[in-house]
Amino acid sequence: MENTAFNSEDTLTDFRAYGRSKALKQMNRGETRHWSDWRWQFSNRIKGLDALSGLLQLTCSEKEVYRDVIGRYKYAVTPYYFSLIDWSDTDDPIRKQCIPDPREIEFSLPGSEEDPLAERSHMPVPGLIHRYPDRVLAMVTGRCAVYCRHCNRKRTWISAEAGSTREAFCRMVEYVAASPGVREVIVSGGDPLISPLSLLDEFLKEFRKIPHVEVLRIGTRIPVVMPMRITEDLCQILARHRPLWINTHFNHPREITPESTKACERLLKAGIPVSNQAVLLKGVNDSLKVIKELCLGLQRIMVRPYYLFHCDAVRGADHFRTDIRKGVEIIQELWGKIGGLCIPNYVVDLPDGGGKAMMVPSYLLEFSQERAIFRTFEGNIVRYPCPEGADALL
Ligand SMILES: *Cc1c(COP(=O)(O)O)cnc(C)c1O
Ligand code: SF4
C-alpha cells in the first residue's frame, strides 16, 4: 500500500523532530515496508511517559502532571493515526483525540460521572448491557488500538468490565440464548476487531447460532485508527456471519484517508454495510463546516452517517463537552441543504440510563383537525390541509 502519510514534507519533519519512539526509529531506518502491516502498527504504538515527554517537549514539572494523567487514563497511538497529526497546529483535531491532556484530571463540569449512562446497572451478566428491549451490547474486550481521549467508557480502562474471559463470554451467550426478545447483538468493547481472528469468529458464531438472534453488529474504530487491520482474511470471516453491520467512528474529515477509505471499501465489498457514529467534540468537530465536510466525505466513501452523539458527561472528558444547542443548530443547518443520506441523527444519551433521545429540528408547528402547519427548511410557513375523511379513524 502506498505510504500516503509520508508524502508530505511537513509530516516527515515532525516525525524526525520526535524521533523517540521505536516506531520512528524504524521509520528512519527506512523500514516503511511494515507500514501496511497491522501487527507492526499495533506493536509499535506510541505510548509511555518518555515518548510523550519527547513529543511535547515537557519540562520536569509538566512531566509529573502527565505522569498522573496517563497513570489514570492510559494512552497508546498507532503510528498510522499519529501520522495524521499536524504538529504545527496546536488545535489539531487528531491530536486532541489521541494525545493525553492535563484537563482529563484537572477539569470537570458539574454532573460528570464515571458511568454517566448507568451501564453498570444494566448488566444482567458481566460485560453485557441490556438496555433496550430487542438488542444487547456485548463488551468482549477492554482493549483498543488507540485510546480516544473522549471515550465514554474511560472507566473501563481503570477497572475492567468487559467479559473478556471465556467464562464471561459463555455467560453472555447463555443469557442471550435465554432471552427470546433479543434479535440483535452488538459486539463491542473496547474494540472487538483487535481480537485474534479465531476468537472473533467464535464470538460471532456463538451468537449467530442462537435462533432468535437475527442480526449482528460490530462497533469498532479500527477502520479509522488502524485501517490496515481490515484485511481480506478478516472480511472473509465477517462475511460468514452476515447479516452483520459495522458501526465505525470517524469524527473528522481528516480521518478520511486513502487507507481508511480502502478499509471501508473492503468491508463493503464483503457485503457488510458500514455506518458511522460520530461524537460532537469541542475543538474537534463542533462547527457546521467540519460536520458537513465529515458527512459529505463519509457519503463519498459510502459510509452512512448514522448517529452524531452529544458528548456524554464523562469524567475525564469534560473538556470535550459542548452545549446541546450547538448540535441542534448544526443539524438544523444541514436539513434540506444536503442529501438526507448524509445527515446523521443527533442523539443524546440521557443520564441514569434514560436511553438515547433524538434531537430533530421541528418542522411541524401546529396540528389541528383540519390542517397541519409546517415551517419549510427555508423558513417559510406552509399550511397542509387534512381533508375530512382522509383518516378513517371513525
Ligand atoms: C446505543 C446502544 C444500543 C444500540 O442502539 P441503536 O439505537 O440500535 O443504535 C444498544 N445498547 C446500548 C446499551 C446502547 O447504548
Ligand atoms: S475505540 Fe471506542 S472504546 Fe476504544 S477508546 Fe476509542 S471510543 Fe473508547
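Here, each number is a calculation from the coordinates, and none is a lab measurement. In this text the structure is predicted, and so the values were computed from the model without any measurement. Positions of Cβ are backbone-derived with ideal geometry, glycine not excepted, and every protein chain shown enters the neighbour counts.
Miscellaneous remarks
- Helix 60-72 vs. the chain, principal-axis angle (Cα, 0 to 90°, nearest 10): 50
- Relative contact order (percent, whole number), the chain, Cα cutoff 8 Å, 6+ residue spacing: 13
- The HN-Hα couplings worked out from phi for region 363-372 by the Karplus form 6.51 cos²θ - 1.76 cosθ + 1.60 (θ = phi - 60°) are 9, 8, 8, 8, 9, 10, 4, 9, 7, 10 Hz, whole numbers, x standing for Gly and Pro.
- Residues of region 301-316 with amide N under 17 Å of a point placed 7 Å along Cα→Cβ from SER159: 315-316
- Residue among ALA313, SER368, GLY48 farthest towards the positive dipole end of the chain, charges placed on Cβ: GLY48
- Amide H to amide H distances under 5 Å link VAL314 with GLU113, where only residues 5 or more positions off or on other chains count and H is placed in the peptide plane.
- Gain on full extension, evaluated as 0.36 nm per residue between ARG72 and VAL360 minus their Cα-Cα distance, stands at 100.0 nm.
- Least to most buried among TRP40, TRP335 (fewest other Cβ within 10 Å first): TRP335, TRP40
- Within region 356-373: backbone nitrogen closer than 14 Å to the CYS386 label point (7 Å, Cα to C-beta): 364-373
- Between LEU341 and LYS269, the FRET efficiency from the beta-carbon distance, with R0 = 22 Å, is close to 0.70.
- Where trypsin sites (Lys or Arg not before Pro) fall in DSSP loop in region 197-235, at most 11 other Cβ within 10 Å: LYS209
- Cα centroid separation, region 265-326 to region 167-183 (Å): 30
- Averaged over residues, the count of other Cβ atoms within 10 Å places the peptides 193-204, 309-320, 354-365 in the sequence 309-320, 193-204, 354-365, highest first.
- Pairwise centroid distance, computed over Cα atoms, of region 196-231 with region 31-74, Å: 28
- Folded to 0 to 90 degrees: helix 324-334 orientation relative to the chain principal axis, Cα: 70
- 5 angstrom amide H check on ASN276, placed H, neighbours 5+ away: THR248, ARG304, TYR306, TYR307
- Between the helical axis of 258-269 and the longest alpha-carbon principal axis of the chain there is an angle of about 50 degrees.
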